[in-house]
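Worksheet for the structure shown next.
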């Protein structure tokens, strides 16, 4: 078990018809780190929706032929997915499209609803029929239901936000509008920018704006709804009061790309700060500091700068391995860490190494990485983790839904160090966590169990696709 990325959403609103599918493609490519299971694009051509969705990476699913098949249009949305609710099937690919009497709608979602189970039961009892096992379809149903009496699509979204709880950053497309919405706690990032030709772009991260040549305007506020149409951009702030801002701290530690800025805080600088804090709280005599690619590299740089120990590149990540590189029958026989990471023996041989990584979940991967470094000739390996111990499940978009396999729940820090084979082990403290963003406006429930919303009654990832033999009698 290891942490997996979230999902990524992207939307375009152009004042004139253009090749919007291409813009979304490059935006999704920049967000690929947030989800590698599936992806999709929906283009709005004067109210007619054209879409393509499939399992796979962006450049695998959207071949040049597929991209050329999309019509020109003024509005389009896209999605890259890592499943946190619902399995890996084509049915669960996003964006989700809906046809109803008030018009068409397409919706893409990053996050996880904490009351999805209750809402889905309620909807099914009232006659709703679901085609997917993801909670995104629940959002689409509620928005559609509210649209029957709401005067506009944005009013329907406003009403729906009173019913859905948890983490959601949305891009939604109607026949004439692009809508962006962020939950009142702001768990997941969402921002927008503008291109020189007046095209508006919405994305999960600012790095995707840069990828398409858009200038960053600002982050979408927690609880805010933005409407993009022929009049420009309008803000609806009805849900911006009452809830405390709780951006997921793991966006800064691991999920977001280092060249992104989330809620005004640069991710690269945030990770360097974590490394500097570790150097102060857990110093060690060593010859070199190295990071585990990719999210450990920035923290390692910060540790080196603060400690004065030289920074080095000791592990190389194979960036050309796709998710299907290892066939199913090989997974138990081949150490996947060796396939993905290669040590540089000339850098590590005979050295006392400070090894920086972002987290330890079960401990298996960390144990293999420490072994790789030792086998390359390191005389000592001191592991430093740029987050506190992972003790609790996340209900807002991370795929760990149980405490059972979290090693920090069953062993002390010293014991974990011995299990993974490190000479010493230290984590970032909860006190230092605040330094990463410079405030208390973040969610750290995975570390301290302090959840901003009610805990879901059913937390299983596969709760909507459970085998008959496993269901409770």
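The values are calculated or read from the model by the stated rules, or taken from the named source; none is laboratory data. Please read all numbers here as calculations on a predicted model, not as lab measurements. Here the Cβ is made from the backbone with ideal geometry for all residues, glycine too, and neighbour counts use every protein chain on show.
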Show me the helices (runs of 4 or more DSSP H) found entirely inside the range 352-466 where at least 2 residues are in contact (Cβ under 8 Å) with a residue 12 or more places away in the chain, over 23 Å from the mean Cα position of the chain (by Cα) and under 27 Å from residue 257 (Cβ atoms).
364-375
May I ask you to verify whether residue 184 is modelled with pLDDT of 95 or more, assigned to a loop (DSSP other than H, G, I, E, B), buried (at least 20 other Cβ atoms within 10 Å of the Cβ) and touching a helix residue (DSSP H, G or I) at 6+ places or on another chain (Cβ under 8 Å)?
no
Unique match (being farther than 19 Å from residue 203 by Cα and touching a strand residue (DSSP E or B) at 6+ places or on another chain (Cβ under 7 Å)) among 71, 64:
71
With the requirement that a residue be out of contact with any strand residue (DSSP E or B) (no Cβ under 9 Å at 6 or more places or on another chain) and within 17 Å of residue 367 (Cα to Cα), what does the range 410-430 give you?
410, 411, 412, 415, 419
Checking 27, 11 in turn, the sole residue that is crowded, with 19+ Cβ neighbours inside 10 Å, touching a residue at least 60 places away in the same chain (Cβ under 8 Å), touching a strand residue (DSSP E or B) at 6+ places or on another chain (Cβ under 8 Å) and part of a strand (DSSP E or B) turns out to be 11
Let me confirm something: among 256, 243, which residue is closer than 30 Å to residue 389 by Cα and at pLDDT below 95?
243
Of the conditions (1) at pLDDT below 95; (2) within 23 Å of residue 258 (Cα to Cα); (3) more than 19 Å from the chain's Cα centre (by Cα), residue 23 fails just one. Which one is it?
(1)
If you go through the range 111-133 one residue at a time, do you hit one that is crowded, with 16+ Cβ neighbours inside 10 Å and under 30 Å from residue 293 (Cα atoms)?
yes
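Results for (1) in contact with a strand residue (DSSP E or B) (Cβ under 9 Å, 6 or more places away or on another chain); (2) under 20 Å from residue 177 (Cα atoms); (3) in a strand (DSSP E or B), shown as yes or no for each residue.
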| position | (1), (2), (3) |
| --- | --- |
| 50 | yes, yes, yes |
| 94 | yes, yes, no |
| 99 | yes, yes, yes |
| 105 | yes, yes, yes |
| 118 | no, no, no |
| 134 | yes, no, no |
Consider residue 18 carefully, then state whether it is without any contact (Cβ under 8 Å) to a residue 12 or more places away in the chain and not assigned by TED's automatic domain parsing to the domain that holds residue 361.
no
Could you list all residues from the range 57-81 that are in contact (Cβ under 8 Å) with a residue 60 or more places away in the chain and surrounded by 15 or more Cβ atoms within 10 Å (Cβ to Cβ)?
57, 74, 75, 76, 77, 78, 79, 80, 81
Considering the range 247-290 alone, what residues qualify as being part of a loop (DSSP other than H, G, I, E, B), in contact with a helix residue (DSSP H, G or I) (Cβ under 8 Å, 6 or more places away or on another chain) and within 30 Å of residue 82 (Cα to Cα)?
249, 256, 257, 258, 259, 260
